[in-house]
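The values are calculated or read from the model by the stated rules, or taken from the named source; none is laboratory data. In this text, all values refer to a predicted model and were calculated from it rather than measured experimentally. With ideal geometry, Cβ positions are generated from the backbone for all residues, glycine too; neighbour counts draw on all protein chains shown. The area values use the complete protein model at the heavy-atom level, side chains included, leaving out ligands, DNA and RNA. Shrake-Rupley method; radii C 1.70, N 1.55, O 1.52, S 1.80 Å.
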Amino acid sequence: QVQLVESGGGLVQAGGSLRLSCAASGRTFSGYGMGWFRQAPGKEREFVGAINWSGGNTYYADLVKGRFTISRDNAKNTVYLRMNSLKPEDTAVYYCARADYYNGYGLNERGSYHYWGQGTQVTVSS
């Protein structure tokens with residue numbers, strides 16, 4: 001079965017940067033879209049960014065557009081989220097997820113995803 005493991009979270013000052021990684025194992029990685037979501041205390045899990053199977057198309061939530069960059073290396077079965085200019089409101093647990101084949105949901109919607117990692121904590125101090 002598919003397993004996803006996030007890493008790279010931690011504590012950073014506002015304006016700083018972090019790079020999150022999501023390593024996949026199990027089933028074939030390269031044929032599926034990948035997404036990043038985050039969840040802050042007391043809030044719903046929200047979309048951050050996504051990348052299609054080939055890496056040729058990326059999608060971002062408006063709140064992170066221009067600051068975050070998603071990429072993937074299919075040979076390494078890994079997807080990355082580079083976060084720049086971090087703000088305190090970016091504080092959350094960040095989750096990676098693997099999409100299923102197209103099922104009617106967009107990659108910005110939770111319904112596209114079947115497999116989820118355990119999450120990694122990102123804390124941004126002011």
**OP:** Using the structure shown, decide if residue 82 is basic (Lys, Arg) and under 14 Å from residue 96 (Cβ atoms).
**Re:** yes
**OP:** Please work out if residue 42 is in contact with an Asp or Glu (Cβ under 9 Å, 6 or more places away or on another chain) and either over 27 Å from residue 1 (Cα atoms) or free of Cβ contacts under 8 Å to residues at least 24 places away in the same chain (or both).
**Re:** no
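Taking segment 88-109, which residues are in contact with a Ser or Thr (Cβ under 6 Å, 6 or more places away or on another chain) and either open to solvent by less than 20 Å² (accessible area, probe 1.4 Å) or under 16 Å from residue 51 (Cβ atoms) (or both)? Outline the logic, then answer.
Quick first cut of segment 88-109, residues in contact with a Ser or Thr (Cβ under 6 Å, 6 or more places away or on another chain) only: 88, 91, 94, 99, 105.
Once the filter is applied, which keeps residues that are in contact with a Ser or Thr (Cβ under 6 Å, 6 or more places away or on another chain) and either open to solvent by less than 20 Å² (accessible area, probe 1.4 Å) or under 16 Å from residue 51 (Cβ atoms) (or both), segment 88-109 yields 94, 99, 105.
So if I check each of 71, 112, 85, which one is under 13 Å from the mean Cα position of the chain (by Cα) and either open to solvent by less than 60 Å² (accessible area, probe 1.4 Å) or hydroxyl-bearing (Ser, Thr, Tyr) (or both)?
Answer to the selection: 71.
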Original post:
Residues 55, 35: which one is in contact (Cβ under 8 Å) with a residue 40 or more places away in the chain and either surrounded by 14 or more Cβ atoms within 10 Å (Cβ to Cβ) or not β-branched (Val, Ile, Thr) (or both)?
Top reply: 35
Original post:
Can you tell me which residues in segment 1-18 are assigned to a strand (DSSP E or B) and in contact with a strand residue (DSSP E or B) (Cβ under 6 Å, 6 or more places away or on another chain)?
Top reply: 3, 4, 5, 6, 7, 11, 12, 13, 18
